[in-house]
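Step one of this worksheet: look at the structure below.
The values are calculated or read from the model by the stated rules, or taken from the named source; none is laboratory data. In this text, all values refer to a predicted model and were calculated from it rather than measured experimentally. Positions of Cβ are backbone-derived with ideal geometry, glycine not excepted, and every protein chain shown enters the neighbour counts. Just so you know, the surface numbers come from the protein's heavy atoms only, side chains and all, with ligands and any DNA or RNA stripped out. Shrake-Rupley method; radii C 1.70, N 1.55, O 1.52, S 1.80 Å.
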Amino acid sequence: MSRRIALITGITGQDGSYLAEMLLSKGYAVHGLIRRSSTFSTTRIDHLYQDPHEPDARLRLHYGDLADGSRITTLLEQIQPDEVYHLAAQSHVRVSFDEPEFTGTTTGLGTTRLLEAIRMTGLPCRFYQASSSEMYGITAPPQSETTPFHPRSPYACAKVYAYWITRNYREAYGIHAVNGILFNHESPRRGETFVTRKIARAAARIARGEQQYLHLGNLEARRDWGYAPEYVDAMWRMLQTDTPDDYVVATGTSYSVRDFLTFCFAHVGLDWERHVRFDERYLRPSEVPDLVGDASKAERDLGWKPAVLTPELARIMTDAELAEVPGARTPAAAPAPQPQV
Ligand code: NAP
Ligand code: F7E
């Protein structure tokens with residue numbers, strides 16, 4: 001059987017890096033879309049580097065941006081992927097209130113640009129859309145595939161648009177397109193301004209005496225926090241089914257930000273209440289109070305079930321921060337992976 005080819009947008013992000021690892025381990029040729037920037041943004045995939053001059057290199061990167069539809073079309077023609085995992089987005093909810101238009105162009109319309117490129121090229125590839133539990137907003141938990149959406153941020157509104165355009169291209173053009181409605185998933189590779197990483201990092205730094213206080217916003221919000229490497233496996237499973245469909249991926253449990261603080265700080269032997277200070281800058285104009293996913297459809301149809309729940313996740317993330325040598329960003333073992341230009 002010929003080698004399968006995957007294209008990942010957002011390969012430099014948390015999920016993209018785990019997905020690239022997993023697909024390479026399954027024997028795929030993996031192509032990644034990355035943005036050109038004046039400094040390298042490839043830290044999360046440096047360990048996957050393969051010299052692109054080697055004819056058998058299975059990881060290749062290409063410059064491109066979600067705002068650039070013609071580039072996406074030519075890339076698809078060139079790569080001829082079997083599977084497209086569309087993970088790239090402006091993914092920060094708080095930032096989306098500051099940059100609503102940009103969030104709409106990338107997180108929302110970016111999906112249309114990819115789907116339209118697939119339609120125009122006529123490629124028979126399968127398409128994964130990174131949909132989000134944020135789409136449920138203030139709808140009461142537990143949330144499943146049939147729960148109505150009530151988005152509460154420009155990010156969530158953009159994701160609702162992207163969800164429906166994915167379904168529309170499936171219904172209108174028969175494209176094998178699926179929505180993975182993923183609840184929060186975290187890891188040591190999580191961006192540093194998301195609350196779990198911020199807390200795990202601060203707990204380790206305070207324990208080492210490098211920091212005294214952590215400033216946070218709403219501690220009452222409840223989230224269904226799972227472990228990112230397990231969630232990319234669910235993405236892959238969704239694209240292996242014969243009939244495209246939409247799936248919730250979640251642990252089915254929920255904890256508050258306050259609970260997450262307790263898990264991380266207790267792990268390093270500290271009382272978080274002595275170190276956390278409130279800062280209203282981290283509040284959102286409209287908040288999402290409580291998310292708990294019902295992933296029974298994914299378990300039934302895809303055989304997917306999470307193993308790591310939030311308390312263990314907090315320990316994994318805090319241990320990873322404790323293992324970081326202060327001040328020393330680990331130099332890449334190999335040259336940073338770069339697209340061929
Ligand atoms: P992330 O770490 O923020 O990664 C986002 C990726 O998108 C990065 O590779 C980023 O590139 C890229 N990107 C952003 N704007 C772009 C643009 N204009 N053109 C090309 N690439 C662009 O996000 P993540 O946590 O891995 O999440 C992956 C996807 O799942 C996102 O769509 C997110 O909204 C969605 N999602 C995440 C969760 C979660 O809990 N993690 C839950 C549900 C859905 P740079 O590295 O250059 O910034
Ligand atoms: O906030 C509260 C904040 O930014 C979680 C993205 O991956 O998951 C993520 O979105 C909660 C919120 O994640 C701080 O108000 C308190 O209630 O870590 P977060 P998020 O907004 O849930 C969904 C599923 C996605 O799709 C998104 O792409 O924590 N919170 N104090 C804080 N949050 C942050 N970031 N910083 C604080 O200081």
Checklist entry - What trypsin sites (Lys or Arg not before Pro) in the range 203-283 are in a loop by DSSP, with at most 13 other Cβ atoms within 10 Å of the Cβ? => result Arg208
Next on the checklist: Solvent-accessible area of Thr243, probe 1.4 Å, all protein chains present, reported in Å² to the nearest ten, please.
Outcome noted: 100 Å²
Checklist entry - For the chain, what is the percent of antiparallel DSSP beta bridges, rounded to the nearest 5? => result 5 percent
Checklist entry - Which one of Glu273, Glu299, Glu287 has the biggest mean-square fluctuation once the chain is modelled by GNM with Cα springs under 10 Å? => result Glu273
Checklist entry - Which percent of the Cα-Cα distances in the chain go past 24 Å? => result 56 percent
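May I ask you to give the solvent-accessible area per residue for the range 202-324, in square angstrom, as obtained with a 1.4 angstrom probe?
Working: 5590 Å² over 123 residues.
Per residue, the range 202-324 has an accessible area of 45 Å².
May I ask you to derive the FRET efficiency for Asn168 and Arg274 from their Cβ-Cβ distance with R0 = 56 Å, giving the value to the nearest 0.05? Can you show the working numbers first?
Values: r = 52 Å, r/R0 = 0.93.
After rounding, the FRET efficiency stands at 0.60.
As a test of reading the structure, rank Lys305, Lys297, Lys159, Lys26 by solvent-accessible area (1.4 Å probe, protein chains only), most first.
Numbers: Lys305 135, Lys297 35, Lys159 10, Lys26 90 Å².
Sorted descending by solvent-accessible area, the residues read Lys305, Lys26, Lys297, Lys159.
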Checklist entry - If each of His92 and Ser286 carries a label point 7 Å out from its Cα toward its Cβ, how far apart are those two points in nm? => result 2.2 nm
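Tell me the GluC sites (Glu not before Pro) within the range 138-203 that lie in a loop according to DSSP and have at most 10 other beta-carbon atoms within 10 Å. List each step's numbers first, then the result.
Details: sites: Glu145, Glu171, Glu186, Glu192; in loops: Glu145, Glu192.
Passing sites in the range 138-203 are Glu192.
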Next on the checklist: Between the range 5-56 and the range 79-100, what is the separation of their alpha carbon centroids in Å?
Outcome noted: 16 Å
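Around Gln78, under 15 Å between beta carbons, what's the net of Lys plus Arg minus Asp minus Glu among the other residues? Could you put the intermediate results ahead of the total?
Working: positive: Arg60, Arg71; negative: Asp68, Glu77, Asp82.
Local net charge: -1.
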Checklist entry - How big is the range 69-182 by Rg and Dmax over its Cα atoms, in Å? => result 14.3, 45
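Compute the longest continuous run of the chain that contains no exposed chymotrypsin sites (Phe, Trp or Tyr not before Pro); treat a site as exposed when its DSSP state is not H, G, I, E or B and it has at most 16 other Cβ atoms within 10 Å.
Working: sites that count: Phe40, Phe194, Tyr213.
It works out to 41-193.
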Checklist entry - Accessible area of Asp271, 1.4 Å probe, to the nearest 10 Å²? => result 80 Å²
Checklist entry - Based on DSSP H runs of at least 4 residues, each adding -39500 (n - 2.57), what is the mean residue ellipticity at 222 nm of the chain after dividing by all its residues, to the nearest 500 deg cm²/dmol? => result -11000 deg cm²/dmol
Item to check | For Asp290, distant residues with modelled amide H under 5 Å away | outcome: Arg222
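Quantify how much of the Cα-Cα distance distribution of the range 117-230 extends past 23 Å, in percent. Before the final figure, lay out each step's value.
Values: 2961 of 6441 pairs.
Percent of Cα pairs beyond 23 Å in the range 117-230: 46.
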Next on the checklist: If I take every Cα pair under 8 Å that is 6 or more residues apart in the chain, average their sequence separation and divide by the length, what percent do I get for the relative contact order?
Outcome noted: 20 percent
Checklist entry - Which distance in nm do the two modelled labels at Ile138 and Asp319 give, with both placed 7 Å along the Cα-to-Cβ direction? => result 4.1 nm
Item to check | Among Gly252, Leu123, Phe263 the positive-end extreme of the charge dipole of the range 5-340 (Cβ point charges) | outcome: Phe263
Item to check | Candidate lysines - alpha carbon under 20 Å from Lys305, same-chain residues fewer than 8 apart omitted | outcome: Lys26, Lys297
